[in-house]
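What follows is a short report on a single structure.
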Amino acid sequence: MTTHTQRASDAAVTADAADTADAADVPDAADVPVDAYLRRIGAARPDCPDVDALRDLHLRHLKTVPFENLSIHLGEDIVLEEKALLDKIVGAGRGGFCYEINSTFAVLLRELGFAVTLLQARCFGKGGRLGIPYDHMAVLVETAEEGRWLADVGFGDHSHFPLALDERGDQPDPGGTFRVVETEDGDLDVLRDGEPQYRLERRPRVLADFAAGAWYHRTSPDSHFTRSLVCSRLTEEGRITLSGRKLVTTVFGGERQERLLDGEDEVRAAYRDLFGIELGELPAVPQSRERGAAAAAAPTASGSAPDPSA
């Protein structure tokens, strides 16, 4: 019997056969809304593509572009093409999950003069199990004189700044202490406070390669993205997350507050005022999937982020 995961893996092999992206999917430089994107994240155009500029852009992106899966529960298609994703993130003021916001961040960096490469990763789950191929997307960023950096604005609660990819010691960050560890097979495990987050493959990828992973996470009942709602972003004080009607606010140091919002109008106001997202129809998770998520004692080890409100 062919499982949903097996079909995703088979599709990943097919997508992997393409060495280059379809040129029609890549907009001309003149069509990339760089200035609008910079306004979207409240950033000035950097003087040069150096690590200081990268750190500033990375942090601003985390604070302004939410990690969210609303499209899945609004019945919206998720098209892994640069123009479509830019229209959503920049034009419509939305967020997305890793395939969407890491890829558009890579486009912005590329247009600002950074050398960028998309990388695929598999997330660690319960018991150290690895998720499907193309479970997660991250971005390798190279600067002229300052080495190679792992940028990741699409993993929910994670590092605030890019990680030095070739550094094997501890890397302190406001989000925790991170470490990049080489595996016996030559892949790289990214650890946070000693806990493995995902296993990164070094081979360069193109956006089309991630189509199978994105399809799996927006359709499979085993994906936590289909079983729950999330909209989350970094704040000056910590993090704010809206999951259905539950609003979670955390501050650095561990204080956490939860509140149930009162009715649809307050939920819409929270999306608008806290995340800049205007919604007519509210997203909803089918009750059968909510029950399945609640009943799962050991969720499948797949997905692009742990609980972002943690």
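The table for this structure:
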read-out	value
Every residue from region 56-76 that is under 20 Å from ALA144 (Cβ atoms) and either free of Cβ contacts under 8 Å to residues at least 24 places away in the same chain or more than 17 Å from the chain's Cα centre (by Cα) (or both)	ASP56
Set GLU76, GLU111, GLU82: member being touching a Pro at 6+ places or on another chain (Cβ under 7 Å) and surrounded by fewer than 24 Cβ atoms within 10 Å (Cβ to Cβ)	GLU82
Residue among ARG55, ARG45 that is out of contact with any Pro (no Cβ under 9 Å at 6 or more places or on another chain), modelled with pLDDT of 95 or more, of a type in the set (Lys, Arg) and open to solvent by 50 Å² or more (accessible area, probe 1.4 Å)	ARG45
Residue list for region 47-63, filter: assigned to a helix (DSSP H, G or I) and in contact with a Ser or Thr (Cβ under 8 Å, 6 or more places away or on another chain)	VAL51, LEU54, LYS63
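The values are calculated or read from the model by the stated rules, or taken from the named source; none is laboratory data. Please read all numbers here as calculations on a predicted model, not as lab measurements. Please note: Cβ atoms are built from the backbone with ideal geometry, for glycine as well, and neighbour counts cover all protein chains shown. For the accessible areas, the whole protein counts, side chains as well, though only heavy atoms, and no ligand, DNA or RNA atoms are used. Shrake-Rupley method; radii C 1.70, N 1.55, O 1.52, S 1.80 Å.
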